[in-house]
Each structure stands twice: as C-alpha cells, then as structure tokens.
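Note sheet for the following structure.
The values are calculated or read from the model by the stated rules, or taken from the named source; none is laboratory data. All values reported here derive from a predicted model rather than from experimental measurement. Here the Cβ positions follow ideal geometry from the backbone for every residue, glycine too, while neighbour counts run over all protein chains shown. Heavy atoms of the whole protein, side chains included, go into the accessibility calculation; ligands, DNA and RNA do not. Shrake-Rupley method; radii C 1.70, N 1.55, O 1.52, S 1.80 Å.
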Amino acid sequence: MTKDRSSNQMWGGRFASGPDAIMEAINASIGFDKRLARQDIEGSRAHAAMLGATGILTDSDVEAIREGLLTVLSEIEAGSFTFRADLEDIHMNVENRLRELIGDAAGRLHTARSRNDQVALDFRLWVRDQLDALEGALTALMSAYVAQAEAGADMVMPGFTHLQTAQPVTWGHHMLAYVEMFARDRSRVRDARARMNESPLGAAALAGTSFPIDRHMTAQALGFDRPSANSLDAVSDRDFALEFLSVASICATHLSRFAEELVIWSSAQFRFVTLSDRFSTGSSIMPQKKNPDAAELVRAKVGRINGALVGLLTVMKGLPLTYSKDMQEDKEQVFDAADSLMLALAAMEGMVRDMTPRAENLRAAAGSGFSTATDLADWLVRTLDMPFREAHHVTGTLVRMAEDRGCDLPDLSLEDMRSVNAGITQGVFEVLGVDNSVASRASYGGTSPAGVRAQVARWKEDLA
C-alpha cells in the first residue's frame, strides 16, 4: 500500500505520490544523520548570509532565516525537536521546521545550493570537528605516557623480540616508543585536516550555479582555507572520510598493540604491571580474578574501525561521478569508528595514568634469558678487537655453558670465560649487569636513562 502524499516537499511536482513504507525505510537517513544538525545549521546560516551579501536574498529574509535557524538549533540541543523519517534527512527536517517558524522565507534558503553540496559540507565539517577532538585526545594520551617515562627513566625491564627476552631496556624507553607512535598519528590527523579543509558549498548539484554567489565568503565564514576548485569533485569526494578512517585505523592499531601488552603484563605469569580497579573487572565465579577488560575491549575496537574503513572503501570503489545514493552509506560507519576510537583513547589514557609498573619483577625479568649476551659480544669487539662474527661465536659458547650450568652469564667465573677465550679480562663483568647494559646504550634514540630523560624533556616541551 502506498501512502498518498500529493504535495511532496522534497521532490516537488515530478512525483504524484510519496514512497511506500519500504522505500521510506531504506531511503531515510535521519536516524543517523541527525548528528549533523549543528553543522547543517552552521552551513545554512553562512549560506544565507552570503545570499544576502550578494543581493540574491533580501536582508529581511536573511535575518529571518538566520534567527530561525538558531531557534531550530536550540530546540535540537534541548531535545524538544521532533525528527521525522518521512522528511528523509537532517536537511529537510531542519528546513521544514524553519518553514513552520518563519513561513515562505524558509523556502528561499535553498537557493543556489543542492542537498548534494549541503551534505558534502555538513559531513566535512563534522569530520573536521572529529579530527580536532582526536588531536586533543592523542595529546592527552601522549602526556600520560611521558609521565610514565619520566617516573621510570631508570627502571630496567626486558626488551623483547618474538616475545623472547632480547636485551634490557628501561621502562621509560618503552613508554616513549608509544609516544612516538601516537605522535605520528597526531601528525596524520593534522595532515588530514589541512588536506580536507576546503569548502564544497556552492558546487550545487554537480555543475555549480548560475546565481552570482561568493564561494570564498562562505568558505571563510566556515573556517575553510578555500572553496573546492571543481564542482564535480566537491559533491562526489569522500576522500576526507576515507582518510579519517585510515588515520583512525592506524591509531587503533597502536592502541591495540599496547592493550595486548597490558593483557600480557598484568597476567599472573608476567606480573609486570598492576592495573587500577577503575579499568578492571572481576569474575562471577572465580574470586581471585582481576580481568583487564578495558584493555581487551580497546584491543577489540580496531576490528570495528578497520571494518569501517574497508566498508567505505567498498562503497566508493565503483561509483561514477558524481553523487549516487550509495554515498548515504558513508556516515554510519564513520560515526561508529569515531565513537569507538575516542572511547578507546580515553580508556587507554586512564589505564596508562593509573597503571603501576612492578619494578622488582621487571628487573628480575630483565636479567633473565641471557639478556646481556649482546653486551658481552660488543665488549669482545671493543676490547679485544675481535671481529663481530667471532665475538658472536664466543658469546654463544659462553651462553651454552651458562645454560648447561643453570646460571646466567654474570655468574660464570673469569676462569670459565677464559676457557673459551684467553683474552677475556675482569673488565667484562662491568658490562654484564642490566644497569650497565642500559647505561651503555647511549646512542641517540637508545634506552639509556640519560637518553630517556632528554627525550622526556623534549616531549614535555612539545606537549606543553
């Protein structure tokens, strides 16, 4: 059964009746694009001001439209606005309410624009706002890592490759590794924002408009660097949304990597960190359990965010220019990815600030697994002028000897070591302890406490 709606505000006289219920359900986007209300009204107010400045609308109409739009916004923010699915989207819901408030002047607002450039504008404004929020969240998270790095500049822990003990590092150095990762994420946010900061408003349906509009005026009013240079591109481009999702996916991957480390480190087998009760849960049956649920959920969020990126890439991959209704499917996944990422960032910041490294356990683990073997090989090269490949062989022989005796390298006697190479002296023991090992790694970007403090100082200045 069709619902007779002979006067269709959206489609005008072309259609004798409105869509049936199924068509209405698949076509309507108000259920999710109402999140664009503030951006839609901001864009419409700028458009109305430009129409007045160029003489396309009278001053009285512009005044009525701009004031009426503020009333609509206040109703939406107060929760008293009634969103109607039969009006399809946020644009027509706002315009319909504006007509109820100010009469026929509302119908003049849509002069020299289309819903195509209108939605492109609203979505671009929304993504730009999200990029700004994302930059702030990343900066806060980086600050949390820097605080941990500063407190643990001297704290030794094992550095891993293949999740096997490799060489001793400092806690501060490990924390700063994530600062670098999230700094690159923040840089990508800034790059994406600069690249997408041009206004599609005025491209109209696809070809521009015959009205004497001033696109530079609206672009400036909305905080854009410039208007888009090609009207076809302006209404069909969703690169900015794809780039946002790409940035979000990389950032979520970084979050997931540290979340995985927290899950491992907080386990009874590792006992490297204690997570606060604020970000842990218990078991309904096992009273001893303290589960790192927040870390596990952060780890899982990357699946949703990566899925959003793949989903939108798939929507866009086969679309001819310019606008197709497929592009209505661009928003929900971006909204969900943005919500998921901001929540994950907030949770991770809280976990990083609250977590307590267990220094004694970290130190014990740092000295296990012959972690200073590389220091011994380096000493042989520096002190005995031994080729590194020979030093590697001598060190491997000593590791096997220690392993057979159930001890670590520093526990071997000088005589034991000389039995493998007679040139070894007492000085070798100065490099075998974990503190000596990390202190010796003083090359730029290395793990030495002095290097960590220098990097902490640099980042504190940057983040300030």
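Pull out the extension gain between Ala85 and Gln220, defined as 0.36 nm times the separation in residues minus the alpha carbon to alpha carbon distance; nm, one decimal.
This chain segment gains 45.3 nm when fully extended.
Where does helix 293-316 land angle-wise versus the long Cα axis of the chain, in degrees 0 to 90, nearest 10?
With both axes taken from Cα atoms, the answer is about 50 degrees.
Could you name the aspartates and glutamates in cross-link range of Lys331, using Cα to Cα under 17 Å and dropping any fewer than eight places away on the same chain?
Asp33, Asp40, Glu88, Asp89, Asp117, Asp122, Asp129, Asp237, Asp239, Glu243, Asp339
So, with +1 on the Cβ of K and R and -1 on the Cβ of D and E, and no other charges, what is the size of the charge dipole of the stretch 21-111 about its Cα centre, to the nearest 20 debye?
On the way: 9 positive and 16 negative charges, 29 e Å.
Computed about the Cα centre, the dipole is about 140 debye.
Pairs of Cα atoms under 8 Å, at least six residues apart: use those to get the relative contact order of the stretch 368-463, whole percent. Write down the numbers at each step before the final one.
Numbers: 83 pairs, mean separation 23.7, N = 96.
Relative contact order for the stretch 368-463 comes out at 25 percent.
Report, in whole Å, the centroid distance computed from the Cα atoms of the stretch 147-223 and the stretch 394-458.
Going from one Cα centre to the other spans 39 Å.
Tell me the label-point distance for the pair Ala133, Ser60, using the 7 Å Cα-to-Cβ offset, in nm and rounded to one decimal.
Label at Ala133, label at Ser60, 4.1 nm between them.
Solvent-accessible area per residue for the stretch 135-199 at a 1.4 Å probe radius, Å²? Don't skip to the end; give the middle numbers.
Numbers: 2360 Å² over 65 residues.
Computed with neighbouring chains in place, this is 36 Å² per residue.
Rounded to the nearest 10 degrees, what's the angle between the helix 373-384 long axis and the longest principal axis of the chain, both from Cα atoms, 0 to 90?
60
Give me the compactness ratio for the stretch 368-463, meaning the Cα radius of gyration over 2.2 N^0.38 Å.
1.27
If you place +1 on the Cβ of every Lys and Arg, -1 on the Cβ of every Asp and Glu, and leave all else neutral, what size is the dipole of the stretch 368-463 about its Cα centre, to the nearest 20 Debye?
Numbers: 9 positive and 14 negative charges, 63 e Å.
Result for the stretch 368-463 is approximately 300 debye, rounded to the nearest 20.
For His216, His173, His91, give the ranking by accessible area with the largest first, probe 1.4 Å. Intermediate values should be presented prior to the final figure.
Working: His216 125, His173 55, His91 10 Å².
Ranked list, largest accessible area first: His216, His173, His91.
Report the FRET efficiency, 1/(1 + (r/R0)^6), for Thr425 and Arg363, where r is their Cβ-Cβ distance and R0 is 22 Å, rounded to 0.05. Can you show the working numbers first?
Numbers: r = 27 Å, r/R0 = 1.22.
It comes to 0.25.
Mind pulling the angle between the C-alpha long axis of helix 239-265 and the longest principal axis of the chain? Nearest 10 degrees, somewhere in 0 to 90.
Compared with the principal axis, the helix lies near 30 degrees.
In whole percent, how big is the carbon plus sulfur part of the accessible area of the chain, probe 1.4 Å, protein atoms only? Please list the in-between numbers first.
On the way: 11100 of 21460 Å².
Answer for the chain is 52 percent, counting heavy atoms of protein chains only.
Under the rule of at least 5 residues apart or a separate chain, name every residue whose amide H is placed under 5 Å from the amide H of Gly159.
Ala166, Gln167, Val169
Nothing charged except the Cβ atoms of Lys and Arg (+1) and of Asp and Glu (-1): what's the magnitude of the dipole of the chain about its Cα centre? Round to the nearest 20 debye.
Numbers: 48 positive and 63 negative charges, 41 e Å.
The calculated dipole for the chain is roughly 200 debye.
When the expected Rg is taken as 2.2 N^0.38 Å, what fraction or multiple of it is the alpha-carbon Rg of the stretch 21-111?
Details: Rg = 13.4 Å, N = 91, 2.2 N^0.38 = 12.2 Å.
Normalised by 2.2 N^0.38 Å, the Cα Rg of the stretch 21-111 equals 1.10.
Lys290: which aspartates and glutamates have alpha carbons under 19 Å from its alpha carbon, excluding same-chain residues fewer than 8 sequence positions away?
Glu260, Glu261, Asp277, Asp354
Can you give the longest run of the chain that contains no trypsin sites (Lys or Arg not before Pro) sitting in a DSSP loop with at most 16 other Cβ atoms inside 10 Å? Provide the component values of the computation, followed by the final result.
Details: sites that count: Lys3, Arg5, Arg84, Arg271, Lys289, Lys290, Lys317.
No qualifying site falls inside 85-270, the longest such stretch.
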